[in-house]
Amino acid sequence: MEYMKNGYFPHSTTITLFQRFKSNIVVNTLTSEAGEKLGYILTWKDLTEFDNAIQERNEQIKELESPIIPLANDTSVLVPLLGKITEDRINHIESKVLKYCANHQINDVLFDLSGVNEGLKPETASRLQQMQTALCLMGVEPIYVGIKPELAQSIVRDQIFIGAKTFTSFKQGVLYVWKKSGYPLQKNQR
């Protein structure tokens, strides 16, 4: 009640009811034409559907940010990483990649870093190393391709140990994987 006497109006907040329904409420004073306070008015707007749509969109974006693309040799996949790599994104990617590798008998995962626009923070690099270790324990070789000069300098400057095969380009990584898999690649003589 103290807030009602001394609070600033209108007062707006978002509440969650029963851990399921989200609403925006606004409390304002109700005054007479003479300006005397008669009481309060509460308006209520259900945001549940809107909030669910935003959560669904965010999940879709998360999935699109880290696709798993099977390569032609059936035992390797490409995982392009785009934008800023955060611990949260690494957690999502790790879960998705580990499950995919287990379900599809994958031997090699090529992580394409050509779309990464910032250096790796030490905490993020640590999570990346943990993901590498988990992949190695499963018998999967993590391979990094597309490391730009700025990212390479950042990794060296911050003394981050990658501990995995790296290649400048996706093409070099694919050639390595195909050779390792026993598939001969040669130019067509025309």
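The values are calculated or read from the model by the stated rules, or taken from the named source; none is laboratory data. Here the structure is a predicted model, which is why all the values come from computation and not from measurement. With ideal geometry, Cβ positions are generated from the backbone for all residues, glycine too; neighbour counts draw on all protein chains shown. Protein only, heavy atoms only, side chains kept; ligands, DNA and RNA dropped before computing areas. Shrake-Rupley method; radii C 1.70, N 1.55, O 1.52, S 1.80 Å.
Residues in region 73-85 that are open to solvent by 30 Å² or more (accessible area, probe 1.4 Å) and more than 16 Å from the chain's Cα centre (by Cα): how many? Spell out the reasoning first.
Our first condition is that a residue be open to solvent by 30 Å² or more (accessible area, probe 1.4 Å); within region 73-85, this holds for 74-75, 82, 84.
Adding the requirement that they be more than 16 Å from the chain's Cα centre (by Cα) leaves 74-75.
Of the residues in region 73-85, 2 are open to solvent by 30 Å² or more (accessible area, probe 1.4 Å) and more than 16 Å from the chain's Cα centre (by Cα).
Here are some residues: LYS148, LYS165, LYS171. Which one is open to solvent by 100 Å² or more (accessible area, probe 1.4 Å) and either within 18 Å of LEU81 (Cα to Cα) or under 24 Å from the mean Cα position of the chain (by Cα) (or both)?
Result of the check over LYS148, LYS165, LYS171: LYS171.
If I go through region 86-126 residue by residue, how many of them are more than 17 Å from ALA164 (Cα to Cα), at pLDDT below 85 and open to solvent by less than 30 Å² (accessible area, probe 1.4 Å)?
Here the count works out to 0.
Would a scan of region 153-166 turn up a residue that is without any contact (Cβ under 8 Å) to a residue 12 or more places away in the chain, farther than 13 Å from ASP108 by Cα and touching a Lys or Arg at 6+ places or on another chain (Cβ under 8 Å)?
Taking every residue of region 153-166 in turn, none turns out to be without any contact (Cβ under 8 Å) to a residue 12 or more places away in the chain, farther than 13 Å from ASP108 by Cα and touching a Lys or Arg at 6+ places or on another chain (Cβ under 8 Å).
Of the residues LEU98, LEU82, LEU120, which is without any contact (Cβ under 8 Å) to a residue 60 or more places away in the chain, aliphatic (A, V, I, L, M) and in a strand (DSSP E or B)?
Unique residue meeting the criteria: LEU82.
Check region 30-52 and report whether any residue there is at pLDDT 95 or above and either among the aliphatic types (A, V, I, L, M) or surrounded by fewer than 19 Cβ atoms within 10 Å (Cβ to Cβ) (or both).
The answer is no; no qualifying residue exists.
Determine if region 14-27 includes at least one residue that is within 30 Å of SER126 (Cβ to Cβ) and of a type in the set (D, E, K, R).
Of the residues in region 14-27, the ones within 30 Å of SER126 (Cβ to Cβ) are none.
Scanning region 14-27 turns up no residue that is within 30 Å of SER126 (Cβ to Cβ) and of a type in the set (D, E, K, R).
One residue is enough: does region 56-66 have a residue meeting the conditions at pLDDT 85 or above, among the β-branched types (Val, Ile, Thr) and not in a strand (DSSP E or B)?
Taking every residue of region 56-66 in turn, none turns out to be at pLDDT 85 or above, among the β-branched types (Val, Ile, Thr) and not in a strand (DSSP E or B).
Test LEU185 against the criterion of being more than 22 Å from ILE61 (Cβ to Cβ) and either among the acidic types (Asp, Glu) or part of a loop (DSSP other than H, G, I, E, B) (or both), and give yes or no.
yes
State whether one or more residues within region 35-53 are among the aliphatic types (A, V, I, L, M) and farther than 24 Å from PRO10 by Cβ.
yes
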